[in-house]
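Reviewing the structure listed below.
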Amino acid sequence: MSVPQSEITGQLAEAVGPENLSSSPVDTIAHALDFWPRALMKSRSGPWPRGPKWVVWPGAAAEVAHVLRIASAYALPVIPYGGGSSMVGGASPRGDRPWIVINCKRMCNILDMDEVSMVVHVQAGIVGVELEERLNARGFSLGHVPTSMTTATLGGWLSTQSAGMLSSRYGRVGDLCLGLTAVLPDGQVVHTRVAPRRATGPELAHLLIGAEGTLGVITAAHLRLHRLPLHRRFDSFCFEQVAPAMGALRQSLAAGVRPLVARIQRDPRLRRSDREQDAPEPTPADLSRRVLLLAYEGPVELVEVEQEIVRDLATALGGEGLGQAPARRWWGQRFAAGFRMTPLLVQDHLFADYVELGATWQALSGLYDNLEEAFEKRGWRTRITVEHARLEGASLGCAFWGEADSAEAALEAYDEAWRLAARVCHAGGGGLGHVYGGGQHRAALLDDNAKQRLAVLTEVKRKLDPAGIMNPGILGTE
Amino acid sequence: MSFDEYEKALELCTYCPKLCRHTCPVGNAERRESVIPQAKMAMANLVRKGQVELTPETASVFYHCNGCGLCGEYCEHDVDVTPALFAARAEAVNKGMDPPSMKQFTDRFYARNDSLLHELHHTIEERFFVEEAQVAYFPSCDTIEHSPRVLHDTLKVLESVGVDYVALHDGEYVCAGYPFWAAGLMSELSFLAKEIASKLSNYKKIICDCPACVWMMRFLYPQLGAPISAEVLHVVEFMDNYAPRIQVSSTVPEAFYHDPCYLGRWLGVFDAPRRLMGRAVREIHEFTWNRERGYCCGGGGLVADNLPDVSAKIAQRRLEEVMRTDVPMVVSACATCERNLSQESGNVEVVNLMTLLARQL
Amino acid sequence: MAGSVRILQMTAPLTSADSRLAELRDALPDLRVSNHVTDRIAYARDLWPGGQIEKLAGKHAPEPPACVVWPKDSAQVVELVQWAKAKAGVGGDPVVLVPFGAGSGVCGGTMAGAGSVIVDLKEMDSVVRIEPHNNLVRAQSGIIGWHLEDRLNMEGLTLGHFPSSLMCSTLGGYLATRSAGQCSSLYGKIEDMATTMEVVTGTGEVLETGRDMGGGVGPSWTQLFIGSEGALGFITAATLKVHPAPAHRMMRGYGFGRVSAGCEAIRRLMQAGLRPAVVRLYDEFDTVMARSSAEKGSEADTLLDAISGRVKGSGAMPWLKRKALQMVLTRPDVTNRLIEELAPRISADGCLLVVGWEGDKRLTEVQARLGHDELMRSGGKDLGEEPGWHWFKNRYAVSYKQSKLFTSGAFVDTMEVAATWDRLMDLYEGVRKAIAPFAFVMAHFSHAYPEGCSIYFSFVGPATDPGQTRQQYDRLWRRGLTAATRAGGTISHHHGVGRSKAHFMTEEHGNSLRLLQTLKATFDPASILNPGVLGLS
């Protein structure tokens, strides 16, 4: 089909204003890639991918609606774009089609702040850190702190049902959402109504939360807040193995403790940068040691009791108290992980990514060991962290990287690593994908049940988006 | 007790949000909304008020009640469902609308009585039948039919504690008439009650191995104009005084105790059987549903006869908790429970308390 | 065999039922099915008070279902759906399948009308597995709440879900209606407990909505099927979070001069980062009811004691009681005004707030202490433990009062709305005023969240004239729900919508209703599943 591009450009300009529309390479190139490592790796030696045909910056839901009506009329694929920090290719154009990228970042205002109910009504294009700072200034916090804090937008978080570092206490971002505004593919602006809770049918916001822009564009949301804490406490425990560390965490959560942060990782004292110059090389025992890092917040007496309960449980399972320092140190560097991968991606023959999976406690330690072993057998490096712990399980965040002979081989190894991770995950009763969404990448790797759930999404999409304009190719949609 | 006397109870149930439904063994077994206590009572009420015609079909739900009375434990209006539904059965009988399964019930009752009477004399030595005794042992039909050794065992235990003044009652009946009550055959029941009352009035004490017989004689007979002057006790109540004297040679490590509905909930006897059982069992396991909340074995209300599948499911449900453990034994103090539970108990032994004691002497 | 029975007021011809039954038997010979007249009557209604009013007028089963079926597993549910789909394709009487748990809904959710096929899920009532290490239980949806809790208790666990219908409702019913229990502020509503469910959709597909651990990629089908009231599919099993049975429990009562002050105290409590298990604030009149419900007996009596006895300040004579009853029931507007005037004298301690804490002993104690301080700072009067334990002991008592009221010629119903804190008092006043002309009304605030709270209105009205009663009853609901949506509240916090509130779905959801319609079109394209609920056809 030959698309009358100038006609479309004219209409888009009308929709958002000419100053908020661009087909300039400066913009299309900037929107060509997100942070999907595979696409970044490909671009190292291959051509820089073709970006979208148009980038638009609507200022309101009505303008988004206008853009979607144009896209529907010409059957143009559309990507709702926030911070472009997707780890799974959710925000980058694909295939040889004239894409419209809707960059939502002009929609970044706090529309209303109800300090009595502690609910904020905010536009979805706001970048996480900006929202949090503006809330902090008024004594509140959202409690959603993913590594992408400084780059991702609220709309991106909601669309991918993002989980942050404080998810053990505050849940995933969808748990904070009391209602949202979204533009459907035909341009209708729908509002799901705000209520603390209701029993009036399915919770409709959840059709858009996690749909990764395949059903519409989220433009605003009502979010529950909490007060900035007066007290924050840290604690750390060292265990010989990962399993008892998991046990202590699991038992603490079952007892009703609500830690702000709870993660299990390698002993940070082994980190090269943290080690003394003349320290001996770590022994295998050092390497199998795991540290449980904890933070708490809330009324100080309550925090003290929570700390005491965890300390008792951890000690009973052989945990050695390391005091506040390791956890406090991690807290200070909590956004550092986001920066660690880039150096691994700039060299042609290296590959890296981050497998994230969720599993119940009983499956978790087996998965942890199997994943580590499977990767090490191939000579690939891993660092696995237990995070997003909750009553029934936790997720494993497995950073992996390796070296290959060539750029092509690196890409092949990368794909093989993912296939391997999926195999190990499914065999061990885990579920792939917990934090980053599915994007272009994960759908094919999922287990059969999860694939079926995405097939259902495709069915819904056919009804809401018969022209197939909304982020096609994401989550297994066409 | 006419049907209309239950008006208040029936009305309350008709508008109740089914709050006792989770207790009903029949409702739980059939999973059928029309046989939960509330619905059975509502149907009885509709029939009473003429809003639904009484037919064998509508009357059929009245027979889906095992008369255990557990629902009453969860009623804050003190509604007694069992007598109300049994009165509804009587109403159906009076109008000739009882279901086909109830036909010739009286004939069958007496035929069974006579054959069991014969059986009794065949089983028990004549020396145990004494015309003049202070304490008469009134043996029950289910015991004779299904657990005849309980008769011997009871006598053996009594002997062991030095009680030699108990004699088997040598009468014409081996049943106090619970089946008639449950069948809605009130005139048959009255006749039988008067017969039995006159036969038993010579004794000071009467002991029965069937909890329902005790309840009938103690509480229903007076209402039927057939009071019994003698004290009527269940064997377990009688034995309780002698518990310290029971000398066992060995003990069983562990067993569950199952409260028979009539002994427990209806007669309020909970501790005596546990005390006796404690003589022979080192660890008594309790069901989650125990004592006042004891769950029926499925044997009551003629359900075992009319709806054997339902009765079996009730027994299975009762035993589920035992099956999840390694405890090899369930002890009860009622031959009906013993019969009904043992049909579904697999490798778990269901044993009468008297048999257990006799065995460990 | 059903044809021989005459049922007054039963309008649907019984013959059509027989033919449906024959078709079903033919198509699905292994499926347990019945059109026994007692079943058709028992399944014709749920516990919607509007239906109870009709029962008072003798209409027990005006539109009985054609038959009842009991699938024994999800495969049979699939077969049933396939059969209904095929029937829908060929014209004739459409087949309507209605999922049925224990029939204790109060919104007509299972009343799909004459000729429907009731699908009783109680054959599917097993606890599939308990995973204490994962704090999870997998159970089939037909299990009765009490039985599930019982089974968990045996393992030292609790689900933490205690609706007052616990004895007479099923897990599937909780999930289908977004149920809430008395300890929701600690354990959450049912939607917070379920991590994944097995559903059979109206297309005949078996879908596992999520993972055991919850989360995953894509929209949460778990959240989209919870609350679907049988309009999108059959919920056949679910995995739910469970907790160690509480080692410690503390209860306490506090008095607040006015409802608004009590609400403000709850808000501060919830926003302080504390998690009480129970938070219930009674308005002036409900306080009297709550504190006196210990004695067995009718709510009507309590009502009368409260009005004639306590208000007059002397032991009321029976005739005075009866007179008061007449007044209550015939002139609710006057009574409500009277109560407002006399509120401070009715209850010496003002409005009662019951707060309960449970769980780990240390956590319970420290939270109870912090909560106590917070409530005292908010101006509460410490009433000690007694009112708290009093509530706890009688926590299931309220449901028992319904039948007493109906049988004494009154109707009783409840309306559970919710709003964020900024709108809560408007919601309270608005709904109260709207209902007051029709019934004697009282309320309590329970199910509190940091951002808002639900209000549970109970109301009693006259039901002496059958025809007029229903009219007044419907008017009451229309006005009440209109007031609720106008005040920015939701029309239901935990009872669901069913058929009785279906015409308010547009006010409730605005244009986002389209998302629900899309789900319906996707999951039940043949419209065979419980049409009419949630305003869906």
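Can you tell me how the range A:1-137 classifies by the Cα gyration tensor, rounded, prolate or oblate, using a/c under 1.5 as the rounded cut?
Values: a/c = 2.61, a/b = 1.36, b/c = 1.92.
Oblate is the answer for the range A:1-137, as a/c is 1.5 or above yet b/c matches or exceeds a/b.
Mind putting together the pair-distance distribution for the range B:3-55? All Cα pairs, 5 Å bins, whole percent per bin, short to long.
It works out to 4, 23, 28, 22, 16, 7, in whole percents.
How big is the range A:106-227 by Rg and Dmax over its Cα atoms, in Å?
Calculated on Cα positions, Rg and Dmax stand at 13.3, 39 Å.
Would you mind giving the average projected area, over all directions, of the Cα convex hull of the protein assembly as shown in nm² with one decimal?
Averaged projected area of the protein assembly as shown's Cα convex hull equals 55.9 nm².
Just to check I understand the Karplus step: with θ = phi - 60° and J = 6.51 cos²θ - 1.76 cosθ + 1.60, what whole-Hz values come out for the range B:113-119, glycine and proline as x?
Calculated HN-Hα couplings, in order: 3, 5, 5, 6, 4, 4, 4 Hz.
Using alpha carbons only, how many angstrom separate the centre of the range B:186-240 from the centre of the range C:352-375?
55 Å
Compute for the range A:235-345: radius of gyration divided by Kirkwood radius, i.e. Rg/Rh, restricted to C-alpha atoms, rounded to two decimals.
Over the Cα atoms of the range A:235-345, Rg/Rh equals 1.00.
Would you calculate the volume per residue, in Å³, of the smallest convex hull containing every Cα atom of the range C:53-184?
126 Å³
Hey, any idea what Rg/Rh is for the range A:196-237, computing Rh the Kirkwood way over Cα pairs?
Using only Cα positions, Rg/Rh for the range A:196-237 is 1.19.
Using mean Cβ contacts within 10 Å as the protection proxy, how do B:195-205, A:449-459 order, highest first?
Working: B:195-205: 17.0, A:449-459: 19.4.
Those peptides, ordered most packed to least, come out A:449-459, B:195-205.
So what are the three principal axis dimensions of chain A from its Cα atoms, in whole Å, longest to shortest?
Projected onto the principal axes, the Cα atoms of chain A cover 70, 60, 41 Å.
Can you give the helix-only mean residue ellipticity at 222 nm for chain A, where every DSSP H stretch with n ≥ 4 adds -39500 (n - 2.57) and the sum goes over all residues, rounded to the nearest 500 deg cm²/dmol?
The per-residue figure over chain A is -10500 deg cm²/dmol.
Just the number, please: Stokes-Einstein D of chain C in µm²/s, Kirkwood Rh from C-alpha pairs, 25 °C, 0.890 mPa s. Don't skip to the answer; put the middle values down first.
Details: Rh = 24.2 Å.
It diffuses with D of about 101 µm²/s by this estimate.
Students often check this: by mean Cβ neighbours within 10 Å, which of B:261-270, A:217-226, B:56-65 ranks highest, and how do the rest follow?
Highest to lowest by the protection proxy: A:217-226, B:56-65, B:261-270.
Would you work out which of A:18, A:5, A:351 lies farthest towards the positive end of the dipole of the protein assembly as shown, given +1 charges on the beta-carbon of Lys and Arg and -1 on that of Asp and Glu, about the Cα centre?
Positive-end residue among those listed: A:18.
So how compact is the range B:105-240: Cα radius of gyration and Dmax in angstrom?
When restricted to Cα atoms, the range B:105-240 yields Rg and Dmax of 14.0, 42 Å.
Work out from phi, with θ = phi - 60° and the Karplus expression 6.51 cos²θ - 1.76 cosθ + 1.60, the ³J(HN,Hα) of each residue of the range C:206-221, listed in order in whole Hz, and give x for Gly and Pro.
Ordered by residue, 3J(HN,Hα) equals 9, 10, 8, 6, x, 10, 3, 7, x, x, x, 9, x, x, 7, 5 Hz.
Pairwise over distinct Cα atoms, reciprocal of the mean inverse distance: report the Kirkwood radius of the range B:245-360 in Å, one decimal place.
When all Cα pairs of the range B:245-360 are included, the Kirkwood radius is 14.1 Å.
Based solely on its DSSP helices, what 222 nm [θ] is calculated for chain B when runs of n ≥ 4 H residues each add -39,500 (n - 2.57) and the sum is averaged over all residues, nearest 500 deg cm²/dmol? Intermediate values should be presented prior to the final figure.
Details: 17 runs with 160 residues, N = 361.
The helix-only estimate for chain B comes to -12500 deg cm²/dmol at 222 nm.
Quick one: Cα convex hull volume of the range A:43-85, Å³ per residue? Mind dumping the intermediate values first?
Values: hull volume 3.7 nm³, N = 43.
That works out to 85 Å³ per residue.
Given Cβ point charges of +1 (Lys, Arg) and -1 (Asp, Glu) and nothing else, what value in debye, to the nearest 20, does the dipole of the range C:127-244 about its Cα centre take? Mind showing how you got there, number by number?
On the way: 7 positive and 11 negative charges, 22 e Å.
That gives the range C:127-244 a dipole magnitude of about 100 debye.
Rounded, prolate or oblate: pick one for chain B, where a ≥ b ≥ c are the square roots of the eigenvalues of its C-alpha gyration tensor, a/c under 1.5 means rounded, and failing that, prolate if a/b is larger than b/c, else oblate.
Verdict is oblate for chain B.
When ranked by the protection proxy of mean other Cβ atoms within 10 Å per residue, highest first, what sequence do the peptides A:283-290, B:12-19 form? Can you show the working numbers first?
Numbers: A:283-290: 13.6, B:12-19: 25.0.
Listed from highest to lowest mean packing, they are B:12-19, A:283-290.
How crowded by other chains is C:164-173, given as the mean number of beta carbons from other chains within 10 Å of each beta carbon?
Per-residue shielding by partner chains comes out at 3.
With axes computed from alpha carbons, what is the tilt in degrees of helix B:37-48 against the longest principal axis of chain B, rounded to the nearest 10 within 0 to 90?
Approximately 50 degrees, to the nearest ten.
Roughly how big is the range A:1-148's charge dipole about its Cα centre, with Cβ charges of +1 (Lys, Arg) and -1 (Asp, Glu), in debye to the nearest 20?
Approximately 720 debye in magnitude.
Please list the three semi-axes, largest first and in whole Å, of the ellipsoid equivalent to the range B:65-152, using sqrt of 5 times the eigenvalues of its alpha carbon gyration tensor.
34, 20, 12
Evaluate the Kirkwood expression for the hydrodynamic radius of the range C:221-274, namely the inverse of the mean inverse distance over all pairs of different C-alpha atoms, and round to one decimal in Å.
For the range C:221-274, inverting the mean 1/r across all distinct Cα pairs yields 15.8 Å.
Give me a single rounded figure for B:27-37: the average over its residues of other chain Cβ atoms within 10 Å of their Cβ.
Taking the mean over all residues of the peptide, I get 6.
Which shape class, rounded, prolate or oblate, goes with the range C:127-244 when its Cα gyration tensor gives a ≥ b ≥ c as root eigenvalues, a/c under 1.5 marks rounded, and past that a/b bigger than b/c marks prolate? Don't skip to the end; give the middle numbers.
Details: a/c = 1.62, a/b = 1.36, b/c = 1.19.
Cα axes put the range C:127-244 in the prolate bin.
How many Cβ atoms of partner chains, on average, are near each residue of A:452-462 if near means within 10 Å of its Cβ? Intermediate results must be reported in sequence, preceding the final value.
Working: counts 5, 12, 4, 3, 11, 5, 1, 8, 9, 2, 3.
Per-residue shielding by partner chains comes out at 6.
Over 14 Å apart: what share of the alpha carbon pairs of the range A:394-478 falls there, rounded to a whole percent?
69 percent
Restricting everything to alpha-carbon atoms, can you work out Rg to Rh for the range B:3-101 with a Kirkwood hydrodynamic radius? Don't jump to the answer; show the numbers that get you there.
Values: Rg = 12.1 Å, Rh = 13.1 Å.
Using Cα coordinates only, the ratio equals 0.93.
Whole number please: convex hull volume per residue of the Cα set in the range A:344-441, in Å³?
It is 89 Å³ per residue.
For chain C, find the longest principal axis of its Cα atoms and tell me its angle to the long axis of helix C:466-486, 0 to 90°, nearest 10.
Taking the Cα atoms of chain C, the angle to C:466-486 is about 80 degrees.
May I ask you to list, by number, the DSSP H helices of chain A whose Cα span along the axis is at least 15 Å and whose average Kyte-Doolittle hydropathy reaches -0.5 or more? Don't skip to the answer; put the middle values down first.
Numbers: long enough: A:5-16 (16 Å, 0.02); A:61-74 (20 Å, 0.89); A:242-254 (18 Å, 0.78); A:300-316 (24 Å, 0.37); A:361-377 (24 Å, -0.62); A:407-427 (30 Å, 0.01); A:448-464 (24 Å, -0.71).
Those that clear 15 Å and a mean of -0.5 are A:5-16, A:61-74, A:242-254, A:300-316, A:407-427.
Every number in this text was worked out from the coordinates using simple rules, so none of it is lab data. Not measured: the values here are computed from a predicted model. As a convention, Cβ positions derive from the backbone with ideal geometry for all residues, glycine included, and neighbour counts pool all protein chains shown.
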